[in-house]
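Novice: Quick one: structure below, then a few questions.
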Amino acid sequence: MVPVSRWVTYVVERCAELGVAVTPPHRQVIAAVVLDVGGMDVDAVLEPLYELGAELGSLLTRRAIAALGSAPADIQSYGKAALLGTGVPLEYAAALLHPRLGKAVRACLPAAETIMPSVTRRGAPGACVDIPLHGVSDMWSFDHFDTVSLSVADAPASQEILIAIALADRGRPMARVKAD
């Protein structure tokens, strides 16, 4: 098992957009985990990371929903991200995010059927990762194209990886972009 350094939950509740009240507030949540992968070889077998990704997908989704105080059916958009320390192979992020994490997240959300947008990048402690969001049931819903940002002051260290999922209970505040 890859050691967990810490869990992070971050909630954004937007009550106004450029001085206009947002009622009900637009809420986004990020649930993340910082993993210490320093004991792994660069050419390690990746299947254990696939399994860990599935486990994290469920755990992070449950933590995010609890932080929002919402029902799973209320979640309208989602995304996922990995922020790697400078000594972590990019393939570790792919192994954690892609084969099974998204499927585990969708299993927790009744309306979810779209592929989760994702981003992977390297960074020093405190680096920001912007997590793309789109609709859980319609990935082409322009109202749900959004981003939420996460920065953890002391992560990732060079041998750490931060894995995050983001959820939102509605589209962007005052969304009005239409398809041409």
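The values are calculated or read from the model by the stated rules, or taken from the named source; none is laboratory data. Because the structure is predicted, anything quoted here is derived from the model rather than measured. Here the Cβ positions follow ideal geometry from the backbone for every residue, glycine too, while neighbour counts run over all protein chains shown. Remember, those area values only see protein heavy atoms, side chains included, never the ligands or the DNA or RNA. Shrake-Rupley method; radii C 1.70, N 1.55, O 1.52, S 1.80 Å.
Conditions tested, residue by residue: (1) within 19 Å of GLN28 (Cα to Cα); (2) under 16 Å from the mean Cα position of the chain (by Cα); (3) in a strand (DSSP E or B); (4) modelled with pLDDT of 95 or more.
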site	(1), (2), (3), (4)
GLY79	yes, yes, yes, yes
GLU91	no, no, no, yes
PRO99	no, yes, no, no
LYS103	no, yes, no, yes
ALA107	no, yes, no, yes
ARG121	no, yes, yes, yes
ALA124	no, no, no, yes
PRO132	yes, yes, yes, yes
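Novice: Show the residue pairs meeting these rules: Cβ distance below 6 Å; 6+ apart or different chains; first residue within region 43-54 and within 16 Å of ALA164 (Cα to Cα) and open to solvent by less than 40 Å² (accessible area, probe 1.4 Å); second residue assigned to a helix (DSSP H, G or I) and modelled with pLDDT of 95 or more.
Specialist: Short answer, once both residue conditions are applied: LEU49/ALA95; LEU49/LEU96; GLY53/LEU96; GLY53/LEU101; ALA54/ALA104.
Novice: Looking only at region 2-29, count every residue that is of a type in the set (A, V, I, L, M, F, W, C), open to solvent by 60 Å² or more (accessible area, probe 1.4 Å) and touching a His at 6+ places or on another chain (Cβ under 9 Å) and tell me the total.
Specialist: 1
Novice: Find all pairs meeting these conditions: Cβ atoms under 8 angstrom apart; at least six residues apart or on different chains; first residue within region 158-180 and at positive phi; second residue among the β-branched types (Val, Ile, Thr) and open to solvent by 10 Å² or more (accessible area, probe 1.4 Å).
Specialist: Partner pairs satisfying both residue conditions: MET174/VAL20; MET174/VAL22.
Novice: Which one is most open to solvent (accessible area, probe 1.4 Å), of the residues in region 134-157 that are over 23 Å from GLU13 (Cα atoms) and either touching a residue at least 40 places away in the same chain (Cβ under 8 Å) or part of a strand (DSSP E or B) (or both)?
Specialist: ALA157
Novice: Please go through region 73-117 and give me each residue that is buried (at least 20 other Cβ atoms within 10 Å of the Cβ), over 13 Å from GLU160 (Cβ atoms) and among the small types (Gly, Ala, Ser), ordered by number.
Specialist: Selection gives SER77, GLY79, ALA81, ALA95, GLY102, ALA112.
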